[in-house]
Amino acid sequence: MIARHFGIGLAIVFIASYALAQGMADKGGTDKRRSGTQDMGGVLQKMQDDDTANPGMLFVQLGGELWGKASGASGKSCADCHGSVASMKGVAARYPAIPKGADAPVDLEGRIDLCRTANQRAGSLTSESRELLALTAYVAHQSRGFPITPPDDPRLAPFRARGEKLWQARQGQLNLSCAICHDDNAGKKLAGVTIPEAHPTGYPIYRLEWQTLGSLKRRLRNCLAGIRAEPYAYDAPEYVMLDLFLMDRARGMMLESPGVRP
Amino acid sequence: MSRPGLLAAALALAAPAAVAQQVDLQVAPQIVGDAIPASLTGQPGAAARGRAIVANRGVGLCLLCHSGPIVEERFQGDLAPNLAGAGSRWSEGQLRLRIVDGSRLNADTIMPPYYRTSGLRRVARNFQGKTILSAAQIEDVVAYLATLKD
């Protein structure tokens, strides 16, 4: 009996320290994965961690205002259907997912836009618009500190597999793949920049180079442009497939949204 | 320039506006063993111009992956062998083939093929049908690398 309790206690301690290793620098844990946050300088890490300094928090604030604002033919706000934003805890940790009645996955932005068009009956929000980024940041912020937990939906498997294929495929004039940089050469220097492992833990992120918040999609488009590959169209399913693959690859890592990046 | 701005320029991740060349590969470079012995243009290149191409991350892109004896460029890569001494290790013909299409020597190489337009997927519209460097630029780069003796 005592031994059994001890065993459970150990398991809990193990899980807790595992979680800790994920959230902060990997302090000798068995999980060697690194969030992009750990590859940044201390100044930027501090900026991300301090809500009064993290410029992404301004978007979270704006998202909070939009959450309570009625719009569209329904005359309803997000809050009218969902109540407090606390109902959104953990949601960002399990996207992309397949919405009820659909047969293909959407990312978190896509899910929010579905609510906007189908439930609020308002106009669709364009990719990278201030409103969509703000609402996404507001919802994602509720999952800060939550481990990434992709849903157990077998229908997602073929989409994720296609995402992995895209990840492995060489493309563009430079003939490189995502995997070449982010699996095989992560941690090395591309010119002066440390190549991160490309975990989607911080999105949407405030990137100083953009001087605004941006989505994972925008980040992926930057990498595609870097290897001189034709970016997928803004509404292409490829981004969702890559997102599915990346979220699975980052399973168990902590969400940190809104992240800050150079 | 601020650090982020500098990095953006360095990585050319922002605007892929770099020089790209419309090529005519009517004369395929002649490979002999592990080398292309003859100049792609029939002329020798100029080492000084080659150095500038190697140093320019938006044109040669070399320093994204390689480091080299180009002291004024602070941000250099470490994905690939240092270019210092390349001219002692390799003949001009060997250097030429490694730049034209390193996959002829190592199918898994990550070094981009600088003078090949076939077998590439989803090339961005403004780079389609163009090689990364022109024949003349490659000759300049070869001439520069040949000067890098240990």
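Tabulated values for the structure
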| item | result |
| --- | --- |
| For chain A, with +1 on Lys and Arg beta carbons and -1 on Asp and Glu, the positive-most of A:138, A:242, A:57 along the dipole | A:242 |
| Over the stretch A:57-141, volume per residue of the alpha carbon convex hull, in Å³ | 89 |
| Quarter of the Cα convex hull surface for the protein assembly as shown, i.e. its orientation-mean projected area (nm²) | 25.1 |
| Per-residue mean of C-beta atoms belonging to partner chains within 10 Å, peptide A:201-207 | 0 |
| Exposure ranking of A:210, B:90 by accessible area [1.4 Å probe, largest first] | B:90, A:210 |
| Area of residue A:30 that stays accessible when all protein chains are in place (1.4 Å probe, Å², to 10) | 120 |
| Per-residue mean of C-beta atoms belonging to partner chains within 10 Å, peptide B:59-66 | 2 |
| At most 10 other Cβ within 10 Å, DSSP loop - GluC sites (Glu not before Pro), the stretch B:56-150 | B:72 |
| Distance from the stretch A:190-262 to the stretch A:61-90 (C-alpha centre basis), Å | 26 |
| Amide H contacts of residue A:207 (H built 1.01 Å from N, under 5 Å, at least 5 apart or other chain) | A:212, A:214, A:261 |
| Per-residue SASA entry for residue A:141, accessible area with 1.4 Å probe, Å² rounded to 10 | 40 |
| Partner chain coverage, peptide B:117-125 - average Cβ within 10 angstrom | 6 |
| Carbon plus sulfur fraction of accessible area for chain A, probe 1.4 Å, in percent | 60 |
| GNM flexibility winner over chain A from A:140, A:97, A:118 (Cα, springs under 10 Å) | A:118 |
| Surface per residue (accessible, 1.4 Å probe) for the stretch B:58-150, Å² | 44 |
| 1.4 Å probe accessible area per residue over the stretch A:152-262, in Å² | 36 |
| Order of exposure, largest accessible area first, which applies to A:245, A:159 with probe 1.4 Å | A:159, A:245 |
| Accessible area in the full protein assembly, largest first, 1.4 Å probe, for A:114, A:132, B:120 | A:114, B:120, A:132 |
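The values are calculated or read from the model by the stated rules, or taken from the named source; none is laboratory data. All of these numbers come straight from a predicted model, not from anything done at the bench. Glycine gets a Cβ as well: all are built from the backbone with ideal geometry, and neighbour counts include every protein chain shown. Only protein heavy atoms, including side chains, enter the accessible area calculation; ligands, DNA and RNA are left aside. Shrake-Rupley method; radii C 1.70, N 1.55, O 1.52, S 1.80 Å.
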